[in-house]
Structures are given as structure tokens and as C-alpha cells.
Amino acid sequence: MSSAWIGVIGAVIGGGLTAGSNLVLETIRGRRRRRSAADERQMEGRQAARLVLEELADIESTVRHAVKDEVFWAVPRELPAATWNRYQPTLAVLFDAEPLSWRSISHAYREANDVNWTVSRRRQRALDGAMLADMTLSPEEGTQLRRLFRSTWQAIEVLEHVTGPWDGAGRAGYLSPEETEREVLGPDPAFPAS
């Protein structure tokens, strides 16, 4: 065998080894980039969940005080939804494989929107002179707020599965939303105990 053939064979083998090692390195880099992108989406989702969790806690606190005081909150207060509106797409990706979890969170915000509408309508009627400026809860409105309290706690419970408990104990998970409602708000007057 001539030295020319030996050189050609060496070049082919060397080129093959170089191409093979480059292919392996690019495959590893691609996996790393995909893993990094997935980790980034997961981190963004957890951050969005924490922020929405705080907004839901604000809603829960406002509703709790309204039910205990039996009166709606003062003007210009509304139940917030800005964080939810901003991070809905991020949470939709986070809960893509868990449609019931997603529905639990979105349901809480639909209920909050309904309560905002109820409060706004009551305020408008008061301004129109159709009723006194009294914002005392009717029994139906008290029931509506209790439903919102329950759905807010269910959403908090879902989000805490993603974020983990905040203070080591968490807000949800130890009692059901119904048990929490009874403990925090007392028995529902619409359903007297037998």
C-alpha cells in the first residue's frame, strides 16, 4: 500500500472522527438548551403562580372581612385581577397538563369578576337613589361571597402545589375549602345547622 493511500485513509478516518465528535457535542448542547428552556418556563410559571397567589390572598382577605362585617368594601376598592390578566398565558403553559387545576384558578377569578359587578351595580343603584347608600350584604350577596371565598381557597390550594407553602405551613391543604370557610367565616346562615 502506498503512502498516498495511507494518507487518504488517515484523512477519512480523522474527518469521520471529527464529524462524529462534533455531532455528539451538538446533540449534547441541544439537549442542554432544551432543558434550559424547560427550566426557564418552569421558573417563570412558578413566579407567575406566586404573584397570582398573592393576588388571590388579597381577594380572600377582602371577602373574609366583608362576610364577617356583613358589608361590602368601600369605594373605590375592587377585587384585583391585574396580576391574573398579566400572567394568564404563563400559567396556561404551566397547567397545560392539568386542566382541572387551570379551571379552578380561572373560576375563582370569574367569581371575583361577578362580585365586582354586583358591588358596582349596588353602588350605582345607591347613586341613582334607588336605595340607601347602605352597602349591607343581602343574604344572596353573602352566599355569593362565600362561594367566592371557597373558590379562592381552592385556587390557592392548587397554586400552593406549584409554589410550596409560603410560611412553612401554607394557607391551604390542611382543611378543605368548606372547613376553612366554616372556621374563618362561621356557619353559613343560608344553610342553618340541623
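The values are calculated or read from the model by the stated rules, or taken from the named source; none is laboratory data. From a predicted model like this one, the values you see are computed outputs, not experimental measurements. Every residue, glycine among them, receives a Cβ derived from its backbone with ideal geometry; neighbour counts consider all protein chains shown.
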Legend entry - Residue match in the range 58-66 (condition: crowded, with 17+ Cβ neighbours inside 10 Å, of a type in the set (A, V, I, L, M, F, W, C) and more than 23 Å from residue 121 (Cβ to Cβ)): no
Inset, instruction - Check the range 13-26 and report whether any residue there is part of a helix (DSSP H, G or I) and acidic (Asp, Glu). - result: yes
Inset, instruction - Those residues that are surrounded by 19 or more Cβ atoms within 10 Å (Cβ to Cβ) and more than 15 Å from residue 145 (Cα to Cα), I need them from the range 67-93; list them, please. - result: 84, 87, 91
Legend entry - Answer residue from the range 80-97, given it is in a loop (DSSP other than H, G, I, E, B) and at pLDDT 95 or above and is nearest to residue 126 (Cα to Cα) among those: 80
Inset, instruction - Only residues that are in contact with a Phe, Trp or Tyr (Cβ under 9 Å, 6 or more places away or on another chain) and either at pLDDT below 90 or surrounded by fewer than 15 Cβ atoms within 10 Å (Cβ to Cβ) (or both): list them for the range 104-136, please. - result: 122, 123, 135, 136
Inset, instruction - Tally the residues that are in a helix (DSSP H, G or I) and of a type in the set (A, V, I, L, M, F, W, C), restricting the search to the range 46-76. - result: 11
Inset, instruction - Take the range 48-70 and flag every residue that is closer than 20 Å to residue 106 by Cα and free of Cβ contacts under 8 Å to residues at least 40 places away in the same chain. - result: 51, 54, 55, 58, 61, 62
Inset, instruction - Would you mind stating whether residue 175 is under 22 Å from residue 65 (Cβ atoms) and at pLDDT 70 or above? - result: no
Legend entry - Of all residues making up the range 121-145, the number that are among the hydroxyl-bearing types (Ser, Thr, Tyr) and touching a residue at least 40 places away in the same chain (Cβ under 8 Å): 2
